[in-house]
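Notes follow the structure.
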Amino acid sequence: MHRLLPALPTLALALPAQDDGRAEGRALLEALIEAQAGMAQMTAEYVQERTTPLTRKPLVAEGKLAFRRDPGCVVFFVREPRAAVIRLDLAHYEVWHPERARLERFVLPDDQMPRLLFDALGPTKANLERAFTVERCERVEGSETLRRLTLLPTGEDARRIASKITLTTDAKTKALRGFGYTAPRGGDVRVTLDKVELAAKADDALFRLDVPKDAQVIVQKVPERESAKGAEKTEGAKPPADKKN
Amino acid sequence: MRRVLLSFAPVAAAACSTALPESDLAALLPLGPGVAERFVLEVEIDSPGLTGTFDGVLVTRPDPPAVRFQLLPDLGAPILDVCATPEGVAGVMHGHGELQRWPAADKASAPELLLLFGITLLEQHAQVTRERVLAASAGTPVHLRLRGVYPGTTVEKAEVAGRSVRGRCYRYGAASWRDHLDSDVGTVEGPRFRLRARVIAREAAGDLADDVFHLDAAP
């Protein structure tokens, strides 16, 4: 019994925060939206950490990213673990491997995945109200000012891609300092941002993926889901992989 | 006694090449890893369903045999996830795709890419024991014919190098393919696919929970 007693003050302290910081989270989101109101482009250094039920340590990648709000596009200039340029717009996911002189272009079945990312990088009041609910807000361990907001996608299709989304904001500067998501089958993606710079005008050259004429280009279609819900099946669709050279 | 004789008969049948003496075979076996392991890989795939360069994570358990393998694109969560045991293979492609299952059965299933990946990885990371050896031929290298870990699979030729298998030729139903393993690079080649994996990190994984080797439909 005496072992339970020390826990009581902790419980009492926790009572005022019964909403899991949702009110603070909504206020921080509004502040972030206001801070990004005139933003057409964001650039930042990034570190991506991915964990799955199979990993013991995160898979780490780092480089620089550029986000353009309209038309929506994000480009990751990957430095580590291998040089690459990743470009995502509403219709394509492309990866340029310079050392192989190869472009891998995936034609997306819909815009759900890029829209989730774009809404996270450049939230607006309209898309937040349409796409997410604030589930939690917590202080990032080791930081006085960083807060991690957990958002739940409201759309059924979006929830098949991400069961939850996280945004990290700086409560002092109102800047976006990270984002991430959890995949429904397990797998956490967390991206930390540093040296974030906002611009009122986008540099469109950053968002063009110019590859040499003699590069190998592989085009693949990501298949659409064949059923609306997660039913099992015994045979899978095989999309064609077109190769151009 | 009759069962013992039957198990020796295939080795004798390999005598068209020179059969490896039973004592030499006993000294050679078991082959392959005896511990659970975790791998981080750089994977290149060229196939009708998926082509590209990916990060790979693989966990293996030799006894009872089980493997699980995930492919991650440069950005985001896994887009391919496959789990294999002798009881069946389950897998999903393109992240949000539907879970496919191939329960082990007498009749071979259609050779889907995920199924072949599962069979190959399961074989590569299971031990070769005497019970699975159908024939053994002497020479350098020693060649074995094996009953596959996954029911219905035969390893028509396993090339033994030291205490491990360097390459295999597989047959499952009408499908045949092969693999080759060097120190830190492995390739798998079939009629419509090619996979090359380079080991970035490898470690013993005694901490793996059993549920890692189960793949369920998305919640």
Seminar exercise, completed: Projected onto their principal axes, the Cα atoms of the protein assembly as shown stretch, largest extent first, over whole-Å spans of 81, 74, 38
Problem set entry | Among B:A197, B:A66, B:A138: highest mean-square fluctuation, GNM of chain B, C-alpha pairs under 10 Å | B:A138
For this session: Could you grab the relative contact order for the stretch B:53-100? Cα pairs under 8 Å, six or more apart, rounded to a whole percent.
Result: 25
For this session: Would you calculate the volume per residue, in Å³, of the smallest convex hull containing every Cα atom of chain B?
Result: 135
Exercise. What does the stretch A:22-244 give for Rg and for Dmax, in Å, if only its C-alpha atoms count?
Worked result: 18.0, 54
Problem set entry | Virtual paramagnetic centre 7 Å along Cα→Cβ of A:D20, amide N under 11 Å, in the stretch A:152-195 | A:152, A:164-165
For this session: Mind ranking B:30-41, B:82-93 by how tightly packed they are, going by the mean number of other C-beta atoms within 10 angstrom, highest first?
Result: B:82-93, B:30-41
Problem set entry | Separation in nanometres of the label points that stand 7 Å from Cα toward Cβ, at A:E144 and A:R56 | 3.8
Seminar exercise, completed: For the B:T129, A:E224 Cβ pair and Förster radius 30 Å, calculated FRET efficiency rounded to 0.05 is 0.10
Exercise. Across peptide A:178-185, how many C-beta atoms of other chains are within 10 Å of each residue C-beta, on average?
Worked result: 4
Seminar exercise, completed: At the level of C-alpha centres, the distance separating the stretch B:117-153 and the stretch A:151-215, in angstrom, is 46
For this session: Enter the angle in degrees (range 0 to 90, nearest 10) between the Cα long axis of helix B:2-13 and the first principal axis of the Cα atoms of chain B, meaning the one along which they spread out most.
Result: 90
Exercise. Taking springs between alpha-carbon atoms closer than 10 angstrom, which of B:G186, B:G162, B:G148 fluctuates most in the Gaussian network model of chain B?
Worked result: B:G162
Exercise. What is the average number of partner chain Cβ atoms found within 10 Å of a Cβ in B:46-57?
Worked result: 6
Seminar exercise, completed: If the chain between B:S183 and B:R171 were fully extended at 0.36 nm per residue, the gain over the current Cα-Cα distance would be 1.9 nm
Problem set entry | Theoretical gain in end-to-end length, B:K107 to B:T154 [0.36 nm per residue, Cα-Cα removed] | 15.6 nm
Problem set entry | Rounded D (µm²/s) - the stretch B:165-219, Kirkwood Rh over Cα pairs, Stokes-Einstein at 37 °C, 0.692 mPa s | 232
Exercise. Taking chain B as a Gaussian network, where each spring joins two C-alpha atoms under 10 Å apart, which residue of B:P73, B:P21, B:P64 fluctuates the most?
Worked result: B:P64
Exercise. Helix B:113-124 sits at what angle to the longest principal axis of chain B, using alpha carbons and giving 0 to 90 degrees rounded to 10?
Worked result: 50
Seminar exercise, completed: Cα-based Rg then Dmax for the stretch A:73-153, in Å, read 16.3, 45
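Bear in mind these aren't lab numbers, they're just calculated from the coordinates by the rules spelled out. What you see is a predicted model; the values in this text were computed from it and never measured. When we count neighbours, we look across all protein chains shown, and the Cβ atoms used for this are built from the backbone with ideal geometry, even at glycine.
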